[in-house]
Amino acid sequence: MKQIRLGIVGTGLAFERLHLPALQELGDKFKIGAVCDVDRVKAEEWGKRLGLGPDRIFTDLRPMLGLADLDAFDIIVPIEANYSVTRQVAQAKKPIICEKPLGGSLEEAAAHRDLAKQAGVPILIAENWRYNEEINLLRDLVRTRRMGDPVYFIWNETVDFPQLMAGPDGWAHREWRQHPEFTGGVFLDTGVHHMAAIRHIFGAVRTVSAFGRPQQEDFAPFVVLQANIRFFSGVLGQYSFFVRGVEVQRPLIGLRIFCTGGQIYLEDRDCAVINLFYKDGRHEMIPYRPRRGYYNEFLNFWKAAVGEEPISVTPEMEYGDAKMVFDLLRSARAEGVPVEVDRTPAYEPVYTPV
């Protein structure tokens, strides 16, 4: 069994808390062969922790890209650097896994979308929500019409970002998130996950119409974004993302999919169970393992690199997710003017049931 030697580009929180645990779990398939970070202290610290020699620790990408024994690269950098760094790494002509979203603007996202074909290298976008078990299960339930025909859904997300900014060292504590150099702030950084899940479950989006309550804080242009979504399938959806508060009621609104035969309900992505409420009064609970997307995306990356299966989340697919965020922001700035998202109903992500 081939073990892929990875070059790590960026050794921040996402590497430490998300990518590294998945790579360690897949230790028979991956081995870290070099690390690169613009922060020399961080690069050297991680090099030592991973048992790498000084010749395997870099602050400059160019010499690392020349290492002949590296098979692929894992890019984990701030959003505004995703496209430029990936474009540089693609020169090595080796497989790449890169964090979401594709770039900090629609133009960068479009350029990143086309990069794989132009450079002739496979690129997997690490959109872990598309690889999470609960999202695949929900899509399976909708596809198979387990609860009858899906009619509409409600999805409510809340987070108290200012509180997280002031808290202990964590995701919101990073300067590039508090004062982003990319469009939309937290709506792009976090909202792109929601769009990926929505599109994975329900397919292509015809139009969105959104409203937002503006704010002056750097981390996001709106306090809340609320949208109506119309799919090519005929399904309708209501999506809201409140970035300065948390829900106090229980159960949470979460994701509720209303079908002709009942309701599909996911309270929270970490609750480990999907509830099915049938019209005849029956109740069914479907268990899943939370946050398995990181493991599953790296497993797909390994299988794609050794030729066993195609990449499931391509730059083309992730471009659609990012574009939908930009379309929501555009509609909200125009106070609800409908915006066309996808041009064709043929959009169909690769899908493997859990």
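Just so you know, all these numbers are worked out from the coordinates, no wet-lab data involved. Computed from a predicted model, the values in this text were never measured in an experiment. Here the Cβ positions follow ideal geometry from the backbone for every residue, glycine too, while neighbour counts run over all protein chains shown.
Overview of results
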| item | result |
| --- | --- |
| Net charge of neighbours whose Cβ lies under 13 Å from the Cβ of Phe242, counting Lys and Arg as +1 and Asp and Glu as -1 | -1 |
| Gain in span if fully extended, Gln216 to Arg87, counting 0.36 nm per residue against the direct Cα distance | 43.1 nm |
| C-alpha long axis of helix 133-143 to longest principal axis of the chain, angle in ° | 40 degrees |
| Between 0 and 90°, nearest 10: helix 293-305 axis offset from the chain longest Cα axis | 60 degrees |
| Length released on extending from Arg145 to Lys31, taking residue separation times 0.36 nm less the Cα-Cα span | 36.9 nm |
| Burial ranking of peptide ranges 198-209, 121-132 (average Cβ count within 10 Å, highest at the top) | 121-132, 198-209 |
| Chain lengthening between Ala334 and Glu107 when straightened (0.36 nm per residue, less Cα-Cα) | 79.7 nm |
| Which listed pairs, of Lys42/Lys117; Lys100/Lys303; Lys29/Lys93; Lys31/Lys323; Lys93/Lys323; Lys29/Lys117, have C-alpha distances above 30 Å, in listed order | Lys42/Lys117; Lys31/Lys323 |
| Cα centroid of the range 313-329 to Cα centroid of the range 145-184, whole Å | 16 Å |
| Span from the the range 259-312 Cα centroid across to the the range 68-122 one, whole angstrom | 27 Å |
| Label-point gap, in nm, between Lys48 and Gln238 - each point 7 angstrom along Cα→Cβ | 5.5 nm |
| Alpha-carbon radius of gyration plus Dmax, which is the widest Cα pair, for the range 132-204 in Å | 16.2, 46 |
| Expected 222 nm ellipticity per residue - DSSP helices of 4 or more, -39500 (n - 2.57), all of the chain, to 500 | -9000 deg cm²/dmol |
| FRET efficiency estimate (nearest 0.05) - Cβ-Cβ, Leu67 to Lys303, R0 35 angstrom | 0.90 |
